[in-house]
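> First the structure, which I've put down as C-alpha cells, then a few questions once you've had a look.
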Amino acid sequence: MEGTFPRHELDAHLHSLPELPDAIPYVTSYYEERWGFCLQQRLRESLPEGDYRVFIDTTLQPGSLTLGDLVIPGRSKQEIFVSTYTCHPSMANNEVSGMTVATFLARAILERGTPRFTYRFVFAPETIGPLCYLAAPGRKEHLRRQVLAAFNVTCVGDERGFSLLPSKWGDTLTDRVARHVMHHLCPNYREYTFALDRGSDECQYSSPGVDLPMVSVMRSKYGTFPEYHTSLDDLSLVTGAGLKGSFDVILRCFDALEDGISPLYTTLQAGEPWFSKYGLRSTLGAFKLDMRTILGLGNVMSYADGRHSLLDVAEKMQVPVWELFQYRQALQRVGLLRASELPIEQ
C-alpha cells in the first residue's frame, strides 16, 4: 500500500480509543482487505492538517499455520482437553497468561507420573486454530468420543477476581467440577452464560458436531477489563499471584476429575466399621473429638455403595472434594474401601 492522503482522508484509516487516550487499540481485519494504523488518541489529535505519505510493505499469500498438540497418555484413553491460544502475544493477560498457565499445568501433570486420564493440551491461534485443528481427518470424531472434560484457558493473569463461562449445556461434568472447585477456592467468582457471553475457542469446540463439554476458567473475562485488546494489557497487568491462583484452581479441577468421580465400593461387610480397630479413630468416646475426621471417614464409608463418588460425598458434606482424599486413602489402606478404576463414560 502506497499513496498520499490529506489529513481528513487519512483519519478514516486511523484507530484509537477516546476513552483510553494513552492506549493503542488492537484492531484486525481478517475477512476483508483494508489498511489502517492503530495509535494513541493523544497522538491522533496532535496530527496537523496537511498531506501524509502512506507506505505499508506487506504481502498476502498462501501460508501455513503452526500449532502445538501435547498429549500426555493416561491409564484411560478418555481425555481431559485443554485449549489456549497464541495469536496476539503482545497482550499479556488476554494471551500470554493462558499459554503460561497451560504450560505449567502440563508440566505438573507430567511430574506426577502416569495420570488416570489422558491429557491433551492444544496451543493454537484463536478461532482459526481450532477450526484447522478440528479439520484433521477423524479428529472431530475422536474428540467427541474420548473427551470427558474440557477447559479453555485465557485471561488468567490479573488479580481482579475469578469468573466462569460454563459450557453450552451448563450441567456437564466439567461444569460441575469447575463450580465445585471455584465455590471452595474463590467463592466470590462471577458466572457468565454461554448464550450471551461466549467469544473464545469454546465457540468452535462446542459447535454442533463437535460438542465438547468446555468451560472457561478465567480471572477478568475477556472483553470486561479496560485494558483488553489494547497496549495497556502488558506485563504490569499480570502478577505471579494472579497466575498462581489460576493454576491452583484449574489443577484442583484436574484433581477432582482424577480422584473424585469414580464410584466408591465397600468391602463385603455389613454395618459401620469399627474405625478404632484399624487405628483410624480414638477409642475414647467424646462427641467433640475430631468430628471433622469422624464425619469424613463415616460419610465416605456410608456412601460407598457403588453409586456415589467422592465428589457426591463432598457436595453432601459441603466440603472440598480434595479434603476427602485422605479419608479414602486411609480406608483403602486398611482394606475397608475400594474405588473403581474403570473408565467413566460421559
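> Scan the stretch 24-41 and tell me whether some residue there is within 25 Å of Gly223 (Cβ to Cβ), surrounded by 11 or more Cβ atoms within 10 Å (Cβ to Cβ), of a type in the set (S, T, N, Q) and outside the structural domain of Leu134 (by TED's automatic domain parsing).
Scanning the stretch 24-41 turns up at least one residue that is within 25 Å of Gly223 (Cβ to Cβ), surrounded by 11 or more Cβ atoms within 10 Å (Cβ to Cβ), of a type in the set (S, T, N, Q) and outside the structural domain of Leu134 (by TED's automatic domain parsing).
> Is the stretch 195-202 home to any residue that is buried (at least 18 other Cβ atoms within 10 Å of the Cβ), within 17 Å of the chain's Cα centre (by Cα), touching a residue at least 40 places away in the same chain (Cβ under 8 Å) and assigned to a loop (DSSP other than H, G, I, E, B)?
yes
> I'd like to know if the stretch 132-148 contains one or more residues that are in contact with a Leu (Cβ under 9 Å, 6 or more places away or on another chain) and closer than 15 Å to Ser216 by Cβ.
The answer is no; no qualifying residue exists.
> When you scan the stretch 212-227, how many residues do you find that are more than 18 Å from Gly245 (Cβ to Cβ) and either buried (at least 17 other Cβ atoms within 10 Å of the Cβ) or under 13 Å from the mean Cα position of the chain (by Cα) (or both)?
Final tally of qualifying residues: 4.
> Please enumerate the residues belonging to the stretch 169-180 that are in contact with a strand residue (DSSP E or B) (Cβ under 9 Å, 6 or more places away or on another chain) and in contact (Cβ under 8 Å) with a residue 40 or more places away in the chain.
Thr172, Leu173, Thr174, Asp175, Val177, Ala178
> I'd like to check which strands (runs of 3 or more DSSP E) are fully inside the stretch 1-86 and have at least 1 residues that are in contact with a helix residue (DSSP H, G or I) (Cβ under 9 Å, 6 or more places away or on another chain) and charged (D, E, K, R).
51-55, 68-72, 79-85
> Suppose we keep only residues that are among the β-branched types (Val, Ile, Thr) and touching a Phe, Trp or Tyr at 6+ places or on another chain (Cβ under 7 Å) within the stretch 109-151. Which one would you say is nearest to Ser200 (Cα to Cα)?
Only one residue fits best here, namely Val122.
> Mind checking which residues of the stretch 259-279 are surrounded by 15 or more Cβ atoms within 10 Å (Cβ to Cβ) and among the aliphatic types (A, V, I, L, M)?
Passing the criteria: Ile261, Leu264.
> Looking at the structure I just gave you, is Lys277 among the charged types (D, E, K, R) and modelled with pLDDT of 80 or more?
The answer is yes for Lys277.
> Now for a different question. Among the residues that make up the stretch 125-143, is at least one of them surrounded by 20 or more Cβ atoms within 10 Å (Cβ to Cβ) and more than 22 Å from Pro208 (Cβ to Cβ)?
No; the residues of the stretch 125-143 include none that is surrounded by 20 or more Cβ atoms within 10 Å (Cβ to Cβ) and more than 22 Å from Pro208 (Cβ to Cβ).
> Separate question: Filter the stretch 326-338 for residues that are crowded, with 18+ Cβ neighbours inside 10 Å and in contact (Cβ under 8 Å) with a residue 40 or more places away in the chain; which is farthest from the chain's Cα centre (by Cα)?
Leu336
The values are calculated or read from the model by the stated rules, or taken from the named source; none is laboratory data. Quick caveat, the model's predicted, so the values are computed rather than measured. FYI the Cβ positions are ideal-geometry reconstructions off the backbone, even for glycines, and counts take in every protein chain you see.
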